[in-house]
Amino acid sequence: QPAPAVSFNYHGQFDTGVSANTESTGSGPLRAETGVPGQDHHPDEQRQHLLDVVGMVREGRLTFSWFYSTDRHREETVRRLAEDHLGRIAEFVEHCARPGSGGASPSDFPLVRLDQEAVDAVVGDGRDVEDVYPLTPLQAGMLFHALADPTGAAYLEQVTVELAGITSPEELVAAWQQVVDTSDALRVSAVWQGVPEPLQAVHRKAEIPVTRADWTELSPEDRETELARVMAEDQEKGIDLASAPLMRLFVATLSPTTVRVLWTFHHVLLDGWSTYQVLADVFGEYARRTSSDGGPPATVRRPYRDYLRWLTSRDQRVALDYWRNTLAGFDQPVPLPYDRQPDTAHQAHCTERVFVPLSAEVSGRVAGFARAQRITVNAIVQGAWALLLSQYGGSRDVVFGATVSGRPTDLPGSDEILGLFINTLPVRVVVERATTVVEWLRKLQAGQAEARQYDYVALNAIQTDVPGGQPLFESLIVFENYPIDEETAARHALDIQDMNAVEATNYPVTVISAVTQDQLGLAVAFDPVLFERSTVERLAAQLGRLITSFTEEPDRRVGDLDLLDAAERAELVSAWASPS
């Protein structure tokens, strides 16, 4: 093959030591070239090309170096070529700055598969869209439910917090906007029309809609009434998934140094872990904006894109084979004790909840039991729920759903990335009545550890033996383990005086568990259309009774555990005993 006469080598960003916390460049070990250009080669070296053009961004400037032999070219000839080249680049820049110019090609978005027509439909001239990402499995499921029930409240998150130490609500809003500006996961909108499969577009700029109010003259009771009204109207409004950002703020001034914030966003943006990381970043940014010393340094987080790139590299076939084998033979969903059977058109919403009655002594004992037996608290809760389902469903073989964190251990810094990582996957449990409680729970936990390797697939992609049209499971367990406490705000001279989060899933029953300072908290959320509160209260009490039995009698056989208390047993005997 004939050798090319010209070599073009573009190095990209050559100042590799750019600090993420400063605007300076070239702060790392690799600095600009030293010495006379061209003298980094031996005089006897044989050149392979007539011309070598080397480009790079150095000290914030795009530069090109032209290497040539004086035996073949005069300097003015090469200089004319170099200046011509720069002139063409300047023309490109001028063209791209014109209104209506721009555009992108499929190669600009390697994480998704789009043809040029789809790229044009999603990106347009490229001025507003920075990147295009695939949806995670759970994001795709949430979008499906949102499109199927546009007026529903499932996955609409409302976080309300009363903050003391806020001397400038305007700076608080600006801090929130800054966090959005620097987080790709918070500047997305969903795209489902004109594309082969739904995806998310990352916008270059996404302004948070903000509503302000003055509640300084309201009494505490009137503030609570007004907050309830605002939250109800806010929930009724919903979130337009096609319009970024998928969030909004309501800020009410309570005093010169206290505000009440309602932060509403769609769950497709963030999981619980990331939600509180966003709050921590907002508090830190507010401190930097209002502190005389500039405040603490900003937290540097990897982009959500890094996780999505990791996700697209997973072997889907291997994972789907694992789940197919795990669920093989399970062909009948476990029935729940409905008070009113759902019809096919009903979209379940867990909008009410009942707290599981666990004493402080038992709550603390659970954490100690878990440590002593090397069993996670999550496994204990799942075991108790599996037993409860088994009793009500009349089957030793049960399946329910569980959320997994989804943050891969082989992706450095994944715990610090903002975005939605969690996934919902099935948990299959066989109740082994002759096995001791502690042995059975350890086996359940071993299954969890194995499933952790394959927790990145979409639930609707898993093939099962359950007949079409029937759900694989109708109950969900959520284990909340969020990195937030009052010290997060206190470090920035702020005080969280009250904080609540309102959310709803699309399952008829959701068991929510959390461990705070070695205390287990449990609640059972339910759809009031399908259940009476008294029914769920009975479920919650029985769940608490089983967990108490686990810690008190870990060597007892699983089949010997009793769901009923003395009053329930007496009622059962009275109702069903033979008159003779």
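The values are calculated or read from the model by the stated rules, or taken from the named source; none is laboratory data. Here the structure is a predicted model, which means the values were calculated and not measured. Methodologically, a virtual Cβ is constructed for each residue, glycine included, from the backbone with ideal geometry; neighbour enumeration extends over all protein chains shown. We work out accessible area using only protein heavy atoms, side chains counted, and drop any ligands, DNA or RNA first. Shrake-Rupley method; radii C 1.70, N 1.55, O 1.52, S 1.80 Å.
Report the Cα centroid-to-centroid distance between the range 80-114 and the range 284-359 in angstrom, as an integer.
40
Put a dot 7 Å past each Cα toward the Cβ at D120 and E450; how far apart are the dots in nm?
About 5.2 nm separates the two model spin labels.
Once you put a point 7 Å from the Cα of K237 and another 7 Å from the Cα of Y338, both along the Cβ direction, what distance in nm separates them?
My value for the distance between the label points is 3.5 nm.
By the scheme Lys and Arg +1, Asp and Glu -1, what is the net charge of all other residues having a beta-carbon under 10 Å from that of S549?
On the way: positive: R545, R556; negative: E552, E553, D560, D562.
So the surrounding residues net to -2.
How far apart, in nm, are two points set 7 Å out from the Cα along the Cα-to-Cβ line at A434 and at R557?
0.8
Around G469, what is the net charge, scoring Lys/Arg as +1 and Asp/Glu as -1 over all other residues with Cβ under 14 Å from its Cβ?
On the way: positive: none; negative: D331, D343, D465, E474.
Around G469, the charge tally is -4.
Does the range 374-482 come out rounded, prolate or oblate, given a ≥ b ≥ c as the square roots of the eigenvalues of its C-alpha gyration tensor, rounded meaning a/c under 1.5 and, failing that, prolate meaning a/b above b/c? Write down the numbers at each step before the final one.
Working: a/c = 2.16, a/b = 1.32, b/c = 1.64.
Cα axes put the range 374-482 in the oblate bin.
Provide the gained length on full extension for the span H346 to S313, in nm with one decimal, where the gain is 0.36 nm per separating residue minus the Cα-Cα distance. The partial results should precede the final answer.
Working: separation 33, 0.36 × 33 = 11.88 nm, distance 3.69 nm.
Full extension of this stretch gives 8.2 nm more.
Compute the acute angle (0 to 90°) between the alpha-carbon long axis of helix 272-290 and the principal axis of greatest extent of the alpha-carbon atoms of the chain; round to the nearest 10°.
Tilt of helix 272-290: around 50 degrees.
Please report the antiparallel percentage of DSSP beta bridges with both residues in the chain, rounded to the nearest 5. Kindly include the intermediate steps, with their values, before the conclusion.
Numbers: 62 of 81 bridges.
Of those bridges, close to 75 percent are antiparallel.
Using 0.36 nm per residue, how much length does the chain from L50 to R491 gain when fully extended, once their Cα-Cα distance is taken away? Let's see the in-between values first.
Values: separation 441, 0.36 × 441 = 158.76 nm, distance 6.17 nm.
Gain on stretching L50 to R491: 152.6 nm.
Ignoring any ligand, DNA or RNA, what whole percent of the accessible area of the range 324-424 comes from carbon and sulfur when the probe is 1.4 angstrom?
50
First select every other residue whose beta carbon is under 13 angstrom from the beta carbon of Q177; then total the charges, Lys and Arg +1, Asp and Glu -1.
On the way: positive: R187, K205, R248, R289; negative: E170, E171, D181, E207, D281, E285.
Net charge around Q177: -2.
Which percentage, to the nearest 5, of the DSSP beta bridges contained in the range 492-550 is antiparallel? Walk me through the numbers on the way to the answer.
Working: 8 of 8 bridges.
If I count the DSSP bridges inside the range 492-550, around 100 percent turn out antiparallel.
Classify the chain as rounded, prolate or oblate, taking a ≥ b ≥ c as the square roots of the eigenvalues of its Cα gyration tensor: rounded when a/c is under 1.5, otherwise prolate if a/b is larger than b/c and oblate if not. Can you show the working numbers first?
Values: a/c = 2.30, a/b = 1.80, b/c = 1.28.
Here the chain falls in the prolate category.
What full-extension length gain, to one decimal in nm, is calculated for D84 and E226 as 0.36 nm per residue of separation minus the Cα-Cα distance? Could the numbers behind the result be given before it?
On the way: separation 142, 0.36 × 142 = 51.12 nm, distance 6.69 nm.
Separation in residues times 0.36 nm, less the Cα-Cα distance, equals 44.4 nm.
Using the heavy atoms of the protein chains and a 1.4 angstrom probe, tell me the accessible area per residue for the chain in square angstrom.
Spelled out: the 1.4 Å probe surface of the chain, per residue, equals 52 Å².
Restricting the count to DSSP beta bridges whose residues both fall in the range 174-326, what percent are antiparallel, rounded to a multiple of 5? Write down the numbers at each step before the final one.
Details: 12 of 17 bridges.
Taking every DSSP beta bridge with both residues in the range 174-326, the antiparallel ones total about 70 percent.
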